[in-house]
Each structure stands twice: as structure tokens, then as C-alpha cells.
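Undergrad: Shown below is the structure under consideration.
The values are calculated or read from the model by the stated rules, or taken from the named source; none is laboratory data. Treat the numbers as computed from the prediction; the structure is a model and nothing was measured. Quick reminder, even Gly has a Cβ in these numbers, built from the backbone with ideal geometry, and neighbours come from all protein chains shown. When the accessible area is computed, the model is the full protein with side chains, heavy atoms only, and any ligands, DNA or RNA have been set aside. Shrake-Rupley method; radii C 1.70, N 1.55, O 1.52, S 1.80 Å.
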Amino acid sequence: MDPAFERHCSELVARERSGHTAVVEDNLLYVWGGYMSIADNEVFLPNDEIWVYDLEQGVWKVFHMAGEVPPSMSGTCGSSLNGHMYIFGGCDDNGQTNQIYCVNLTDGKYTWRKIIHESGSAPSPRDKLTCWVYNGRLVYFGGYGHKLLTDVDSRNRSFIVDEASWVMFLLNIIIHHKYVIVLCMRMLYQPVIGQQEVRSSETRTSDIHCLDLNSWTWSEIIPVSSSPVGRSWHTLTAVSDASLFLFGGLSVDCKPMSDGWLLDVETKKWREIEHPFKNKPRLWHTACPGKDSDVIVFGGSCDYILLVDTGHCNDALVFQMQPYPLFR
């Protein structure tokens, strides 16, 4: 192989980005979409390519995508189920969307397919939401968007139209836990003239809520230890049946953070952990559960993106949550 070409291949790496989608399947990290900043412009990343990072070899590859390709977006919610990646929602050049797309990650073809629901009312357009997989269903929660009376099907009015309400949606399409734990962020907005909005008042909280997916009942978890400071744009990742890993986010005083915390949901105790990435604050990044309870963080920003939007990142950070098996 030509040395110059070999060097080029070894330096191939996904572009820096925030608001992207990432999932881990068979020790491979798949990254799609998001946006980056060029000069003073926010530019969506290409919608017809998917980046794949081999977590064992430390090598990036990029693949072309075909089929019913979704628009270039940020703030899309992605999940992995049976070797497929599903994306829902997000924001493109036309605003928020409520479309859902699927791609097989295992056949090497990377062909997108648009999914049309056959019954029920689709969620309203939104971005920056979250989701879980449980009992053959994709569960979508929260997000940001605008709901109008015309968005509500009068024949299936299962929720109240309220800008401040939290609504749960399910798609029958299996995560592995009976409960959903949500580390909440509440933002207060005040509308002004036209379509613009400004944050005239904001609060970032650290309250924790649990949803029992059998009874669909919410309850609040009251920690019995010191807790991390309130934040937004963070990630909270399940690393076992009883523990969750919190990383990064934007603090109450709008500072990007790099602290890591483990929550034991049985003892209700938080514990701050030491890790090698204290000099890499992140917000609006992705965090995926990996092999042996690893958490793989990719991308995000190291700036307060509402004021300075130039600090997008493209490094993959692997957080080791437990000692590795001797075989590994």
C-alpha cells in the first residue's frame, strides 16, 4: 500500500459535531447527522453518510447511505434495536419533524427506510427528545417543539394540549430494564414578538424521576447523599440494572462541565468518580453503553453553544465503569 494513502486512512476521522445520533452495536460505534459551525453558520452534516468507529481497533470508516434518506438534521433521537438504528424527530432547515426512519446496521448496505405508522396519532414535531426500548416498543419522551390544536387528533385525544406538559409516546416496533430514570432539566421560556424566543429566566435542576414501565407511574427519587449540581445538555446512561452514569452538561452559571457521577438507584446514593477526561468538558454530546459496562461519549461542544458555537468536538471518550475481564 502507498505510504501516503496508508497515512490518510489512519487519519480518517468523523467530523466534529453536536446534536448528532450515535448507537453502539457489536463493539462498533455508529454516528449519524448533527451539525457543526463554519464561520458564523450552523451547517448540518451530510445525511447520506454514516461513520463507524471500531472500539477495539480504534479505526474510523465512513459508508455511503442509500434508500429513503432522511433530511440532514440535528437533535434527532436514535435507538438501536435488533441490529437496526431507528431515528425519530429532529430539526432540519424547515424546523422540527416527526418522521421516523430505520437503517439496518448489520448487512453492510446502510439503506434507509422511512416508516409510516398504521394506527394511532403520531407525536407532534420535536427535537432534543429522548427514548427507550421496552417490550417491543420505542418509548419517546419530552423534547422541544410547538404543539397546535390542529396537531391533536380529536378522535384520539389522549393528552392535554399544554406547552409545559410532558407527554409519553409509544411506537410498537425490546432497555433491558423495567424502569426509566430521568435526570430532569427544566427551562423557562418567554415568547416575544413573531417566531423568536429568548431565555429571560432559566433553571437547571438535578431532580430525578422514575417511570415504572409496567404501571406507567411516575415517582421521584430523593437522593440520600450529596448530588451533582443542576445542569442541562448532559447525558445519563445505564451501566447496570442498578446504576446510571451522568457526564457533562451545562451548569446553572452556563459553564460546560466534565464531571462524572454514578447513581445507585437502589441505595439512592450519588458518587462522583475519577476519570481521565476532566479536561474535556462536553455538552450536547452522545453517550452509548458499550462492552463490559463501558460508556462511549462522542462529539458535543466544549462551549456554551448559545453564545459561542465554535467548540464542537470529534473525539471518542471511553469511560471504564468496572474492571475488565482478564480475557479482554
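Undergrad: Working only within the range 57-68, note down all residues that are surrounded by fewer than 17 Cβ atoms within 10 Å (Cβ to Cβ) and of a type in the set (A, V, I, L, M, F, W, C).
TA: V59, V62, F63, A66
Undergrad: Any chance you could count how many residues in the range 82-118 are open to solvent by 10 Å² or more (accessible area, probe 1.4 Å), out of contact with any Cys (no Cβ under 9 Å at 6 or more places or on another chain) and closer than 22 Å to Y53 by Cα?
TA: 9
Undergrad: Filtering the range 279-326 down to residues that are farther than 19 Å from V252 by Cα and of a type in the set (S, T, Y), which residue is surrounded by the most Cβ atoms within 10 Å (Cβ to Cβ)?
TA: T286
Undergrad: Residues being of a type in the set (A, V, I, L, M), open to solvent by 10 Å² or more (accessible area, probe 1.4 Å) and farther than 10 Å from R17 by Cβ: count how many of those fall in the range 28-46.
TA: 3
Undergrad: Could you list, in sequence order, the residues of the range 299-312 that are touching a Ser or Thr at 6+ places or on another chain (Cβ under 7 Å) and under 28 Å from E56 (Cβ atoms)?
TA: Passing the criteria: G299, G300, S301, H312.
Undergrad: Okay, moving on. Residue by residue through the range 22-44, note down the ones that are among the small types (G, A, S) and in contact with a Cys (Cβ under 7 Å, 6 or more places away or on another chain).
TA: A22
Undergrad: Among the residues of the range 51-100, write down those that are of a type outside the set (D, E), under 22 Å from H146 (Cβ atoms) and not in a loop (DSSP other than H, G, I, E, B).
TA: If the condition is that a residue be of a type outside the set (D, E), under 22 Å from H146 (Cβ atoms) and not in a loop (DSSP other than H, G, I, E, B), then S74, C77, I87, F88, C91, G95, Q96, T97, I100 are the ones that fit.
Undergrad: With respect to V224, determine if the residue is assigned to a loop (DSSP other than H, G, I, E, B), farther than 28 Å from D127 by Cβ and in contact with a strand residue (DSSP E or B) (Cβ under 8 Å, 6 or more places away or on another chain).
TA: So V224 passes the test.
Undergrad: Would you be able to tell me the number of residues in the range 206-221 that are assigned to a loop (DSSP other than H, G, I, E, B) and in contact with a Leu (Cβ under 6 Å, 6 or more places away or on another chain)?
TA: 0
Undergrad: Would you check if there is a residue in the range 114-137 being out of contact with any His (no Cβ under 7 Å at 6 or more places or on another chain), more than 30 Å from N214 (Cα to Cα) and among the hydroxyl-bearing types (S, T, Y)?
TA: No; the residues of the range 114-137 include none that is out of contact with any His (no Cβ under 7 Å at 6 or more places or on another chain), more than 30 Å from N214 (Cα to Cα) and among the hydroxyl-bearing types (S, T, Y).
Undergrad: Moving on. Which of (1) touching a Cys at 6+ places or on another chain (Cβ under 7 Å); (2) open to solvent by 20 Å² or more (accessible area, probe 1.4 Å); (3) at pLDDT below 95; (4) not aliphatic (A, V, I, L, M) is the odd one out, the single condition D253 does not satisfy?
TA: (1)
Undergrad: Determine whether the range 119-132 contains at least one residue that is surrounded by fewer than 20 Cβ atoms within 10 Å (Cβ to Cβ), modelled with pLDDT of 95 or more and assigned by the TED database to the domain that holds G34.
TA: no
Undergrad: If M36 meets every condition in (1) of a type in the set (A, V, I, L, M); (2) assigned to a strand (DSSP E or B); (3) at pLDDT 95 or above apart from one, which number is that one?
TA: (3)
Undergrad: Does the range 255-268 include one or more residues that are among the β-branched types (V, I, T) and touching a strand residue (DSSP E or B) at 6+ places or on another chain (Cβ under 7 Å)?
TA: yes
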